[in-house]
């Protein structure tokens with residue numbers, strides 16, 4: 001009897017969570033296709049076949065909806081990437097795994113589209129770029145910084161400014177491709193090319209920071 005009661009009480013929650021995920025899926029598609037300025041809650045609600053009340057009860061403003069879309073994407077990525085930081089594994093192995101994962105995510109079609117969208121909307125909505133940075137890149141930099149500090153404490157790396165070093169490493173990875181790919185000047189590097197880019201970044205980074 002107790003089991004049946006639990007099942008009955010959990011069903012509405014499951015249904016509500018499923019609806020929230022559906023709304024975020026539709027909103028993400030709209031933001032990527034039309035940009036922030038070109039998307040409206042009314043349009044998104046119509047496409048999702050949901051009432052505006054369903055949106056506003058979960059996301060009071062369009063900015064809240066956008067944040068939730070980015071938060072969901074970056075939460076998954078952050079958890080996946082943070083799991084790569086194994087303190088007793090060889091540094092080169094850990095940095096390579098992290099670098100390849102970061103570059104693959106950075107070069108993903110939806111990420112590139114989102115960056116272009118944010119660039120177009122930043123004049124009217126400068127807070128969106130800050131929001132994306134705080135929820136995405138800043139979390140990656142923070143996780144990498146903490147890992148580097150741990151390696152310093154174990155005397156595997158020389159003394160360093162961990163945040164600056166994290167920026168250096170990620171800069172080595174994306175500097176070769178970011179501008180050209182984002183502007184559409186050159187195609188995205190394939191998997192083999194991405195691996196070569198990361199290997200070079202790891203070699204240069206360790207040459208500068210290994211004791």
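The values are calculated or read from the model by the stated rules, or taken from the named source; none is laboratory data. Note that the coordinates shown come from a computational prediction; the quantities given were computed from them, not determined experimentally. Cβ coordinates were reconstructed from backbone atoms using ideal geometry, including for glycine residues, and neighbour counts include every protein chain displayed.
Looking across 148, 95, one residue alone is touching a strand residue (DSSP E or B) at 6+ places or on another chain (Cβ under 9 Å), surrounded by 18 or more Cβ atoms within 10 Å (Cβ to Cβ), closer than 15 Å to residue 210 by Cα and modelled with pLDDT of 95 or more. It is 148. Contact map, the stretch 175-204: first residue free of Cβ contacts under 8 Å to residues at least 40 places away in the same chain, second residue buried (at least 17 other Cβ atoms within 10 Å of the Cβ), Cβ cut-off under 6 Å, separation 6 or more or different chains; pairs are 176/197; 204/172. Screening residue 197 on (1) buried (at least 16 other Cβ atoms within 10 Å of the Cβ); (2) modelled with pLDDT under 90 shows it passes everything except condition (2). Just a yes or no: is a residue in the stretch 149-162 within 20 Å of the chain's Cα centre (by Cα), without any contact (Cβ under 8 Å) to a residue 40 or more places away in the chain and in a helix (DSSP H, G or I)? There is no residue in the stretch 149-162 that is within 20 Å of the chain's Cα centre (by Cα), without any contact (Cβ under 8 Å) to a residue 40 or more places away in the chain and in a helix (DSSP H, G or I).
With respect to (1) out of contact with any helix residue (DSSP H, G or I) (no Cβ under 8 Å at 6 or more places or on another chain); (2) under 18 Å from residue 110 (Cβ atoms); (3) not in a loop (DSSP other than H, G, I, E, B), the lone exception for residue 30 is condition (1). The single residue among 71, 115 that is at pLDDT 85 or above and surrounded by fewer than 18 Cβ atoms within 10 Å (Cβ to Cβ) turns out to be 71.
What residue, among those in the stretch 56-68 that are in a helix (DSSP H, G or I) and buried (at least 20 other Cβ atoms within 10 Å of the Cβ), is nearest to the chain's Cα centre (by Cα)?
66
Per the conditions (1) surrounded by fewer than 19 Cβ atoms within 10 Å (Cβ to Cβ); (2) more than 19 Å from the chain's Cα centre (by Cα); (3) modelled with pLDDT of 85 or more; (4) more than 21 Å from residue 191 (Cα to Cα), the sole criterion not satisfied by residue 86 is (3).
Determine whether residue 50 is modelled with pLDDT under 90, assigned by TED's automatic domain parsing to the domain that holds residue 19 and not in a helix (DSSP H, G or I).
yes
Would it be correct to say that residue 17 is exposed (fewer than 12 other Cβ atoms within 10 Å of the Cβ) and at pLDDT 80 or above? Criteria met by residue 17. Every condition in (1) without any contact (Cβ under 8 Å) to a residue 24 or more places away in the chain; (2) over 18 Å from the mean Cα position of the chain (by Cα); (3) assigned to a helix (DSSP H, G or I) holds for residue 138 except the one numbered (2). For the stretch 130-145, the condition holds for at least one residue, the condition being that it is over 30 Å from residue 91 (Cα atoms) and modelled with pLDDT under 90.
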